[in-house]
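Asks: Have a look at this one.
The values are calculated or read from the model by the stated rules, or taken from the named source; none is laboratory data. Keep in mind that this is a model prediction, so the values were computed, not measured. Methodologically, a virtual Cβ is constructed for each residue, glycine included, from the backbone with ideal geometry; neighbour enumeration extends over all protein chains shown. Only protein heavy atoms, including side chains, enter the accessible area calculation; ligands, DNA and RNA are left aside. Shrake-Rupley method; radii C 1.70, N 1.55, O 1.52, S 1.80 Å.
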Amino acid sequence: MSDRKIQGASIVFQSVGKAFAKPGGGMVSAVDDVSLTVDAGAITGIIGRSGAGKSTMLRMVNGLERPTSGKILVGGQDVGAAQGTALRAIRRDVGMVFQHFNLLASRTVAGNIALPLEVAGVPGARIKARVADLIHRVGLDAQADRYPAELSGGQKQRVGIARALATEPKVLLSDEATSALDPETTQTVLELLKDINRELGLTILLITHEMAVVRDIASHVAVIEGGRIVEAGKTYDVFTAPQHPTTRSFLSGLTGVTLPAFIKGKISDTRPARPCDEVIHVTFAGKHATDPMLALLTRDLGLQVNILSGAIEEIGDQPFGNLLISLDADRAAEARAYLERHGLLTQGLGYVG
Ligand SMILES: Nc1ncnc2c1ncn2[C@@H]1O[C@H](COP(=O)(O)OP(=O)(O)OP(=O)(O)O)[C@@H](O)[C@H]1O
């Protein structure tokens, strides 16, 4: 592999459906009427729970499964209709990284990375040079002659990534590539994927069940449930103004949105008759992300605000904050209107006291 820039390919799902026959008879619908455009050169995350249809979507992009209805276009080519040489050409354009690495135990790091090039009939001398480049790109120069059993999980995934890049694909599919890794190793692998996207220009489509992965790497996200896309858009927009309950539930695990244990046990949906506080989730986005809004709330409305949890983070280069606060329930509507007038989003979560 040279370091030259690749023109990433777009991926377009047009009303795609995929049904499987159930062992006992009947059909199960894994993907149902999905329309989604994955921009060329972008990193897009598909997030969903187990069984939502993520893997099936990915496997249709490289032709491992064919849609039952609709079309999938990779760089404008209809994958489902491709046969023989055309299908093999599409597969060369689409590399894939797996959760459990899928390395050959009997081959060294170099041997694993060489495999797709050998299959493609690339001459030996070129394979050697390309493999050396790839090994260097993923930071495994010192491990070239080691076997998978001698590598850490993060190193194995680096081999998986190098192997996926061997044929200079225009699209890289990642099937839960970091799910088997610890948080620190996950970060280094996500950084590697980001570097590859930036430097080589290829499109990355990844599936995950973790919003943190989407936040850290993807510019766009689609949320899938029961085989259908329930929400899709730019990651920043979806994180700052989630529309669907499933998206909200995925986001609720992130820092700043998790109710601390001492509140969790006490919060109720119905307002008690006695004086109490309302718990409010405040989202700071865009130019308001770093405004001292709580100080202003206290100054302008004379309110006392308790901070329960919070964090400001970045998505892409844009700041975005989440804060859980509680304040006198009698004045919560007034406080929320004040915050919203200043460009923040608020959501009442319940009552304590
Ligand atoms: N080859 C198959 N034959 C029959 N049913 C299948 C097949 N592949 C997937 N399914 C079914 O399709 C649905 C979606 O599966 P899929 O593997 O795409 O979900 P997923 O979101 O990737 O889940 P996970 O995160 O657990 O891998 C599930 O109900 C699954 O049982």
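Asks: Rounded to whole Hz and in sequence order, give me ³J(HN,Hα) for segment 293-308 from the Karplus expression 6.51 cos²θ - 1.76 cosθ + 1.60, θ = phi - 60°, writing x for Gly and Pro.
Replies: Karplus values, whole Hz, x for Gly and Pro: 5, 6, 5, 5, 4, 5, 5, 7, 10, x, 9, 9, 10, 9, 8, 9.
Asks: Here is a further query. Give the residue from 304, 285, 270 lying farthest towards the positive end of the charge dipole for segment 261-352; charges sit on Cβ (+1 for Lys and Arg, -1 for Asp and Glu) and the dipole is referred to the Cα centre.
Replies: About the Cα centre, the residue reaching furthest to the positive side is 270.
Asks: How much mean residue ellipticity at 222 nm does the chain get from its helices, if each DSSP H run of length 4 or more adds -39500 (n - 2.57) and you divide by all residues, to the nearest 500 deg cm²/dmol? Provide the component values of the computation, followed by the final result.
Replies: Working: 12 runs with 117 residues, N = 353.
Dividing the helical sum by the residues of the chain leaves -9500 deg cm²/dmol.
Asks: Using only the Cα atoms, work out Rg/Rh for segment 11-244, with Rh taken as the Kirkwood radius, to two decimals. Walk me through the intermediate numbers first.
Replies: Values: Rg = 17.8 Å, Rh = 18.3 Å.
With Rh from the inverse mean 1/r over Cα pairs, Rg/Rh is 0.97.
Asks: Leaving out same-chain residues fewer than 8 places away, which aspartates and glutamates sit with a Cα under 16 Å from that of residue 71?
Replies: 32, 33
Asks: Sticking with this structure for a sec: Scan around residue 65 for amide H atoms under 5 Å from its own, H built in the peptide plane at 1.01 Å from N, and keep only partners 5 or more places away or cross-chain.
Replies: Placed amide hydrogens put 60 under 5 Å from residue 65.
Asks: Another question about this same structure. GNM on the chain, C-alpha springs below 10 Å: top fluctuator among 240, 290, 37?
Replies: In the Gaussian network model the winner is 290.
Asks: Would you mind getting the accessible area per residue of the chain, heavy atoms of the protein chains only, 1.4 Å probe, in Å²? Don't skip to the end; give the middle numbers.
Replies: Details: 16170 Å² over 353 residues.
Spelled out: the 1.4 Å probe surface of the chain, per residue, equals 46 Å².
Asks: Excluding ligands and nucleic acids, what accessible area in Å² is computed for residue 249 using a 1.4 Å probe, to the nearest 10?
Replies: Its heavy atoms expose roughly 50 Å² to the probe.
Asks: Now a separate question. Under a 10 Å cutoff between Cα atoms, tell me which one of 287, 22, 71 has the largest fluctuation in the Gaussian network model of the chain.
Replies: 22
Asks: Go through segment 150-164 residue by residue and turn each phi into a ³J(HN,Hα) via Karplus (6.51, -1.76, 1.60, θ = phi - 60°); whole Hz please, and just put x for glycine and proline.
Replies: Couplings: 9, 10, 6, x, x, 5, 4, 5, 5, 5, x, 5, 4, 4, 5 Hz.
Asks: Run the 1.4 Å probe and let me know the accessible area of residue 27, rounded to the nearest 10 Å².
Replies: Counting only protein heavy atoms, the figure is 120 Å².
Asks: With θ set to phi - 60°, apply the Karplus curve 6.51 cos²θ - 1.76 cosθ + 1.60 along segment 82-89 and write out the HN-Hα couplings as whole Hz, x wherever there is a Gly or Pro.
Replies: The phi angles translate into 6, 10, x, 4, 5, 5, 5, 5 Hz.
Asks: While we're here: For residue 315, list long-range residues whose amide hydrogen, built 1.01 Å from N in the peptide plane, is under 5 Å from its own amide hydrogen.
Replies: Close amide H contacts, sequence-distant or interchain: 320.
Asks: A follow-up question, please. What is the spin-label model distance, in nm, from residue 120 to residue 50 if the labels are put 7 Å beyond Cα along the C-beta direction?
Replies: About 3.6 nm, to one decimal.
Asks: Suppose a student asked you for the relative contact order of the chain, using Cα pairs under 8 Å spaced at least 6 residues apart; what percent would you report? Walk me through the numbers on the way to the answer.
Replies: Numbers: 700 pairs, mean separation 65.2, N = 353.
Here the relative contact order equals 18 percent.
Asks: Going toward the positive end of the dipole of the chain, with +1 on Lys and Arg Cβ and -1 on Asp and Glu Cβ, which of 353, 323, 90 do you reach last?
Replies: About the Cα centre, the residue reaching furthest to the positive side is 90.
Asks: Beyond 27 Å between alpha-carbons counts as too far, so tell me which of 128/156; 18/170; 156/234 fall in that bin.
Replies: In this structure, 156/234 exceed 27 Å between Cα atoms.
Asks: Name the long-range amide H neighbours of residue 42: under 5 Å, sequence gap of 5 or more, or other chain; modelled H, no Pro or chain starts.
Replies: 204
Asks: What's the local net charge at residue 257, with K and R +1, D and E -1, over the other residues with C-beta under 13 Å away?
Replies: Values: positive: 215, 248, 264; negative: 313.
Cβ neighbours under 13 Å give a net charge of +2.
Asks: Can you give the charge dipole size of the chain about its Cα centre, rounded to the nearest 20 debye, using +1 on the beta carbon of Lys and Arg and -1 on the beta carbon of Asp and Glu? If you can, show how the numbers build up before the last one.
Replies: Values: 37 positive and 37 negative charges, 206 e Å.
Dipole magnitude for the chain comes out near 1000 debye.
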